[in-house]
Amino acid sequence: MEFFVAQILTGLANASSLFLVACGLSLIFGVTRIVNFAHGSLYMLGAYVGYSLMQVLPGAVGFWGAIVLAGVAVGLIGVVIEMLVLRPVYRAPELFQLVATFGVILVVQDLTLMIWGPEDLLGPRAPGLRGVFRIMGEPIPKYDIVLLLITPFIALGLWYLITRTRVGVLVRAATQDREMVGALGVNQAWLFTGVFALGSALAGLGGALQLPKGGADLLMDFNILAPVFVVVVIGGMGSLPGAYLAAVIISVLNVFGVTYLPQSTLVLMFIVMIIVLMIRPYGLFGREEVAGEHGQVGEPERPIKPAGGRTRIIVAVGLAILALLPLYGSGFAQVLATDILIFCLFAASLHFLLGLGGLVSFGHAAYYGGGAYAAALLVHHFDTRMELAFMLAPLCAGIAALAIGWVCLRLTGVYFAMLTLAFAQLLWSLVFQWGDVTGGDDGLVNIWPAAWLNDTTVFFYFSLIFTVGGILLLRHVAHSPFGYALRAARDSQRQAEATGIHTRRVQLIAFGFAGLMGGLAGALFVFSKGSVFPNELEIARSFDALIVVFLGGVKTLAGGVVGAAFFKGLEDVLTRFEYWRLVMGLLIIFVVIVAPQGIAGTGRRLMRRLTPAPERQRS
């Protein structure tokens, strides 16, 4: 009994900083509808700023003062981010701000590296709180007990702010109907800025409070991101009580998981999220998300038409130049082009799901990495011929996508996205921890193509045929009756069903088809590299695909391909420099602000402006 009490108290202490970070994210999303990927960066900044302040402010007053000042400083940084980066793109399509916050992550990572260096920083002990308290005979760190006492006061203060003040009334009104709040004369811009500053300050406060328990390092931003999003989703987007309850559930279960089932620690929170969302589709205290209800639908979408004659000529010339690459390019250029082509197919498969189906998947790497692992496992364990493994791998990924889609399509919006992420994380943990079969962290190596393909130029043409063929097949399906049915299900589910379209079935087939094409890209990848590791299934890989789709332009068929080519090509150049993330992040933010419709969308708009009106009407 004593041991259980100690475990629960430890879990509650761990929930403190997690709650602070999560409630900040929940507040920001509830009012601004921004899926703030940079929230982990604000948490990391809180830890680093707090560390620096603790070095110059002495004693207990200085320690606690440094934590408060770190929260204030990060809140001010949040104001700068909101005004310079997010405010210009509030009217962009939903989730487009996600790309901007990804750029912020890259900028903050390199700025932190420049200022504080690459070494991990050990956080100082809280003055007067060294040692442990004995509770029922079990040792509990004194600092954990203090955290247990601090968090309820902060939660109470937030509750008072939200429920008893005019600002809180406006915030709650904005979470329900932003347009109505604007119509009442409230300056939405400053309301958004204030909420973003408060959410950022809470993230910074959480990071600074975590210092004595874990120090500060450059991986804090990504390490906290998944748990925070899980907590917010389980609790219900925009719900502070839900965030607190979810943080407690996750933290306490994690403590018991570490003790009794260490293998479960990587996926336990995702399993909890799946169970909760299957029972309560919108979180414990959330409400149903309705796409576009908050006025961020962006410019009305134009009907997608087959490419015109001029576009086809340009594409044909580009493909011809690419096909002649072995005549004028080096072996390295062919390898790089192969990598870009594979990534373009991966991004195009996600764009099919996201752009045409309106289904924002946060876990698309499950099919890309799944296809790669399926091929590698067939070759490694069953000595399957490369050609057969290459054909079976996309089928395996497609079947997995159908199974996952069957469950995820019960939900919509961010909850759907997070459930796809949970399944991808489950697959990743299976690969990571099932070392006897998958090689674990060491991956599977020596998965080379057949002898007739074991040449750089031949494999380049092999990849060119399958990637271009796959992208053309995706475009063909987009213009087929199935593609129109998918778009109808996206735009108006009720009207589509009234015309006899079984929208759920159409979306499920689209899910499986996108997974199959993602698996094809994965199969090409594993034979091009000769190996595969768990990072091909990670969250970061899914986010890479998501970013390039938004960067290229969601509302154009070429968006995924253009964004992937731009991102991969630029990455190859910039990674040769020390602070390449800073440059990449600034470029992404610049593109987001200047071209909020994405690269391909902006290019199409310019082409339309340059085209004479009579020709534009005929096209």
Query raised in the report: With every protein chain left in place, what is the accessible area of Glu387 in Å² (1.4 Å probe, nearest 10)?
Result: 50 Å²
Query raised in the report: Taking 0.36 nm per residue of separation and subtracting the Cα-Cα distance, what length does fully extending Arg287 through Ile399 add?
Result: 37.2 nm
Query raised in the report: Which far-off residues, 5 or more places away or on another chain, put their amide H under 5 Å from the one on Phe133, with H placed in the peptide plane?
Result: Ile140, Lys142
Report task. Per DSSP H run of n ≥ 4, the term is -39500 (n - 2.57); total these for the chain, divide by its residue number, and report the mean residue ellipticity at 222 nm rounded to 500 deg cm²/dmol. Result -> -24000 deg cm²/dmol
**Report entry** Length-normalised contact order of the chain in % [C-alpha pairs under 8 Å, at least 6 apart]
**Finding:** 20 percent
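Order these peptides, 484-495, 421-432, by their mean beta-carbon neighbour count within 10 angstrom, highest first.
421-432, 484-495
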Query raised in the report: Suppose R0 equals 22 Å; then what is the FRET efficiency for Leu472 and Val407 from their Cβ-Cβ distance, rounded to the nearest 0.05?
Result: 0.10
Query raised in the report: Relative to the longest principal Cα axis of the chain, at what angle does helix 2-32 sit, 0 to 90 degrees, rounded to 10?
Result: 60 degrees
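In nm, what is the difference between 0.36 nm times the number of residues separating Leu113 and Phe4 and their Cα-Cα distance?
Taking 0.36 nm per residue and subtracting the Cα distance, the gain is 35.2 nm.
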Query raised in the report: How much solvent-accessible surface does Lys213 expose, in Å² to the nearest 10, with a 1.4 Å probe and all protein chains in place?
Result: 70 Å²
Requested in this report: Skip the ligands, DNA and RNA, and give the accessible area per residue of region 375-509 with a 1.4 Å probe, whole Å².
Outcome: 51 Å²
Report task. Please give, to one decimal in nm, the separation of the simple spin-label points placed at Leu430 and Arg312, each 7 Å out from Cα toward the Cβ. Result -> 4.3 nm
Requested in this report: Report in % the part of the accessible area of the chain that belongs to carbon and sulfur, leaving out ligands and nucleic acids; probe 1.4 Å.
Outcome: 68 percent
Query raised in the report: Which parts of region 472-515 would a label at Ala320 reach, counting a residue when its backbone N lies under 20 Å from a point 7 Å out along Cα-to-Cβ?
Result: 472
Report task. Please give the peptides 309-316, 409-416 ranked by average Cβ packing (other Cβ atoms within 10 Å per residue), highest first, as a rough proxy for protection. Result -> 409-416, 309-316
Report summary line: Here region 516-533 yields Karplus 3J(HN,Hα) values (6.51, -1.76, 1.60; θ = phi - 60°; whole Hz; Gly and Pro given as x) of 4, 5, x, x, 4, 4, x, 5, 4, 4, 5, 7, 7, 9, x, 6, 8, 10
Report task. Within 10 Å, count the other beta carbons around each residue, average over each peptide in 388-398, 237-247, 154-164, and list them highest first. Result -> 237-247, 388-398, 154-164
Query raised in the report: At what distance in nm do the modelled label points of Leu122 and Val437 sit from each other, each positioned 7 Å from its Cα along Cα→Cβ?
Result: 4.2 nm
Report task. Can you send over the solvent-accessible area of Ser531, 1.4 Å probe, protein chains only, in Å² to the nearest 10? Result -> 20 Å²
Requested in this report: Compute the distance in nm between two label points, each set 7 Å from the Cα along the Cα-to-Cβ direction, one at Glu497 and one at Ser52.
Outcome: 5.5 nm
Report task. Determine the gain in length on full extension of the stretch Trp190-Leu156; use 0.36 nm per residue of separation and subtract their C-alpha separation, reporting nm with one decimal. Result -> 9.8 nm
Report summary line: For Ile547, Ile589, the accessible-area ranking with a 1.4 Å probe, largest leading, is Ile589, Ile547
Query raised in the report: Could you give the dipole magnitude of the chain about its Cα centre, charging the beta-carbon of Lys and Arg +1 and that of Asp and Glu -1, in debye to the nearest 20?
Result: 1920 debye
Query raised in the report: Amide H to amide H under 5 Å from Gly215: which residues, 5+ apart in sequence or cross-chain, H placed 1.01 Å off N in plane?
Result: Gly123
Query - Calculated FRET efficiency for the pair Phe256/Ala60, C-beta based, R₀ 30 Å, to 0.05 - result: 0.35
Requested in this report: Please calculate how many Å² of accessible area region 16-174 carries per residue, with a 1.4 Å probe and no DNA, RNA or ligand atoms counted.
Outcome: 41 Å²
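How much FRET efficiency would the formula 1/(1 + (r/R0)^6) give for His479 and Lys213, where r is the Cβ-Cβ distance and R0 is 45 Å, rounded to 0.05?
Result of the calculation: an efficiency of 0.20.
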Query raised in the report: Residue by residue, what Karplus-based ³J(HN,Hα) values in Hz, rounded to whole numbers, does region 341-355 have, using 6.51, -1.76 and 1.60 with θ = phi - 60° and x for Gly and Pro?
Result: 4, 5, 5, 4, 5, 4, 5, 5, 5, 5, 4, 4, 6, 7, x
Query raised in the report: Amide H neighbours of Ser531 under 5 Å, counting only residues 5+ apart in sequence or on other chains, H built in-plane at 1.01 Å?
Result: Ile447
Report task. Taking Cα extents along the principal axes in Å as the quantity of interest, determine which of [x] 60, 55, 50; [y] 72, 62, 49; [z] 99, 60, 58 was computed from the displayed structure. Result -> [y]
Query raised in the report: Which one of Ala243, Leu537, Gly30 has its Cα pushed farthest toward the positive end of the charge dipole of the chain, where Lys and Arg give +1 and Asp and Glu give -1 at the Cβ?
Result: Gly30
Query - Under the Karplus curve 6.51 cos²θ - 1.76 cosθ + 1.60, θ = phi - 60°, whole-Hz ³J(HN,Hα) for region 307-318, x wherever Gly or Pro sits - result: 4, x, x, 5, 5, 5, 5, 4, 5, 5, 5, x
Query raised in the report: If you find the alpha carbon centre of region 115-161 and of region 370-391, how far apart are they in angstrom?
Result: 50 Å
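Within the chain, how many Lys pairs sit with Cα atoms under 21 Å apart, leaving out pairs fewer than 8 places apart on the same chain?
Final tally of qualifying lysine pairs is 4.
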Report summary line: In terms of the charge dipole of the chain, which places +1 on Lys and Arg and -1 on Asp and Glu at the beta carbon, the residue among Leu98, Val108, Gly357 farthest towards the positive end is Gly357
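The values are calculated or read from the model by the stated rules, or taken from the named source; none is laboratory data. The structure displayed is predicted, hence computed values, not measured ones. Because the Cβ atoms are built from the backbone with ideal geometry, glycine has one as well, and the counts that use them run over all protein chains shown. For accessibility, only protein heavy atoms count, side chains too; no ligands or nucleic acids. Shrake-Rupley method; radii C 1.70, N 1.55, O 1.52, S 1.80 Å.
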